[in-house]
Amino acid sequence: MTQCPARQSVLPELSQKALDEIENGIILLDKQQNVLFWNKWLERYSGVSAQLALGKRLELLFDQALPEVLLTAVEEACEQRLSRLLSHQLHPKLLPLLNRHAPVHQTAIHHSITLRSLRHKEVVLVHINNITTAIHRERHLRDKEQALRKVHQAQSAEKKFIDTILETMSALVVVTDPSGCIVNLNHSVELHTGFTQQQLQGQPFKMLLGLDGLKYLPSAEQSATKFSVFTCRMSNAHGDPLHIRWTVKQVKEEGQPTRYLIYTGQDITVQDRADALLRLEREMLEMATSNESAERIFDHTCLSLERQLESCRVAVVKISAEQHLQVCNGPSLPDSFCQQLYALQTDRLLKTLKAKLELGGLQAFSAESKGEHWHEWQALAKQYKMLGCWLMPIQVNPQISQSFLAIFPRYQSIPNDHEQMVVERIGHLAALILDRQQQQEQIAHLALYDSLTGLANRSLLNEQLVRSIHRAQREPQHFALLFIDLDGFKAINDTHGHNAGDAFLRELGLRLQQRFRSTDCCARIGGDEFVILLEEISDETAAFKVAQSLLTLIAQPIEWGDYQLQVGASIGVVLYPEDGDSAATLLTRADNAMYQAKAKSRTINDGKGQVVRLTD
């Protein structure tokens, strides 16, 4: 691949091979906005070869005009060394990038662009981040939501159809005398209730309705028109719940007393269940699209499921890092139960649970399971009047963590078909919601944090710095910036390779996080450049004391295999408001002070480095 002279001086430090193989676009520009480097990813998706791109400005490489916001950002980055993040949300069309290898037709590559000035004064890094997959996932979730809405509409249409059928002879029909004793009934009543005509004839109608329907029955002195329509919950001969809507009509001659009462019933159990399930799914999706926290969504889910699954308690549990079952969401479970559940787990019990749950579907565990490893669980279930536990995995990626929807029934150890369907559907929807939130958190984290060290990046540092300036203006106070450049880090990369360099930076990032307060900001803004924002630093003496402790911290060796990796550091110090009243001024002055510290380190080599604050 052809290289211009400027590129040859830059690439040994940036590793041409790594930049060519990275699955994102990388462009290097000189001060005149000419291309110094154009990686293979850009060749693949822009249709412009590196040989054609080198030495030319971006606007000359594409047939269509580039947006003004991109050209302005490039100009400011190259001439003023200003970093910039152009997000896809605000700027959906930046570069004309296409997936030219798509199986059907070329598709656009959704992307955001970050521009930042590298340590070399005349080199600007343009990072094109491919976010096509994340956007497709967002669209997939919206498609799922629309599909659920269509299902809800289909269920509503089905409900109307069933209502029409129930108005015919397939509806439950019961005829009573004025005192409420059953005179006759149709076959549909036998099918729904499980009682035969012989068993019911001559019996009071209230025996069939149960306690919930007693308040709706008219007495002999009352007119049946007062109770024309009512709905009650009742049980069939097998103890299964039924939800029946009854319509009562009088049969009488004009001016004569009532001869009969005809009760026409519609079994609305299935419809109520379907409506309740769809309502819960819709509520979960609405909460997710409103960016409600997973904790609030799952608390609401647990309470709603408890209303649908009679005599059950519902929770979300996970296997913790300590290999215990930990209740994350269980608004109806006593704290004492959660604590005892966490404490009783054994290795063999968890091994048994994991083996069954690897199947991915709903698994039921009885409180009467055989084996010594179940004894503690059986005692706990008996104490809280539970007959078992149904577990449904809801974690999309079990490598991250193992989360489950847990149902604790009181009267039955095995779920029926309806209960299994409800739990499985809610479990799958919960997995989609978790996946969406994880993707959103990952995208937000990548935008503000350095992926290698976990420290803040330049964007987050600038935000924190601006906030600190505003706070210091409202409540007069001082803060300090420490601009750190590692001395000897390049030698680690050259001698031991980039894996060693990355390991060193990760360990250093961990040390910095442990060293400073949560109110301070530790940021990595370049390859081996770091900035520390110290809140509430009163004077130069305090800032230098922290800087000297940093030199000692950084100079401590880091083990890498059989080697001891060690570097020094040059630190530039600035104070607010003495050294500047804007973020750009403070960072520039700190950078200049750091370069003086580096020059001083060459004459005074003590193995640690130097700290400098500009005095002019």
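By definition, a body whose alpha carbon gyration tensor gives a ≥ b ≥ c is prolate when a/c is 1.5 or more and a/b is larger than b/c, and segment 61-128 fits this prolate description. Computed from Cα positions, the angle between helix 132-166 and the longest principal axis of the chain comes to roughly 10 degrees.
Report summary: the helix-based calculation at 222 nm, which adds -39500 (n - 2.57) for every DSSP H run with n ≥ 4 and divides by the residues of the chain, gives -14000 deg cm²/dmol.
Computed in the context of the full set of protein chains, the accessible area of segment 20-130 at 1.4 Å probe radius has 48% of its extent on carbon or sulfur. Carbon-plus-sulfur fraction of the accessible area of segment 462-616, 1.4 Å probe, in percent? Using a 1.4 Å probe with all protein chains present, segment 462-616 comes out at 48 percent carbon and sulfur.
Computed from Cα positions, the angle between helix 269-289 and the longest principal axis of the chain comes to roughly 10 degrees. With all protein chains kept in place, the per residue accessible area of segment 276-354 amounts to 48 square angstrom at a probe of 1.4 angstrom. Taking the longest Cα principal axis of the chain as reference, the axis of helix 335-344 is set at about 70 degrees.
Spatial offset of segment 289-322 relative to segment 489-526 amounts to 40 Å, using the alpha carbon center of each.
Give me the log10 of I(q) over I(0) for segment 407-480 at q = 0.28 Å⁻¹, as the Debye formula computes it from C-alpha points; what are the numbers? Here log10 of I(q) over I(0) equals -1.15.
Dimensions of the chain based on its C-alpha atoms, expressed as ranges along the principal axes with the largest first, amount to 117, 61, 51 Å.
Calculated accessible area for segment 368-524 comes out at 50 Å² per residue, all protein chains present (probe 1.4 Å; ligands, DNA, RNA ignored).
Using a cut-off of 12 Å between beta-carbons, work out the net charge of the residues near S601 (Lys and Arg +1, Asp and Glu -1, S601 not included).
Once all neighbours under 12 Å are counted, the net charge is +1.
A cut-off under 9 angstrom between Cβ atoms defines the neighbours of R436, and their net charge, with Lys, Arg +1 and Asp, Glu -1, is -1. Ligands, DNA and RNA are left out, and with a 1.4 angstrom probe the accessible area of segment 51-113 is 61 Å² per residue.
For segment 299-339, carbon and sulfur atoms together expose 42% of the accessible surface, with a 1.4 angstrom probe and every protein chain in place. Which one, N236, T603, I407, is farthest towards the positive end of the dipole of the chain when Lys and Arg carry +1 and Asp and Glu -1 on their Cβ? Projecting each Cα onto the dipole axis, the largest value belongs to N236.
The values are calculated or read from the model by the stated rules, or taken from the named source; none is laboratory data. What you are looking at is a predicted structure, and each value in this text was computed from that prediction instead of being measured. Methodologically, a virtual Cβ is constructed for each residue, glycine included, from the backbone with ideal geometry; neighbour enumeration extends over all protein chains shown. These accessible areas exclude ligands, DNA and RNA; they are computed on the full protein's heavy atoms, side chains included. Shrake-Rupley method; radii C 1.70, N 1.55, O 1.52, S 1.80 Å.
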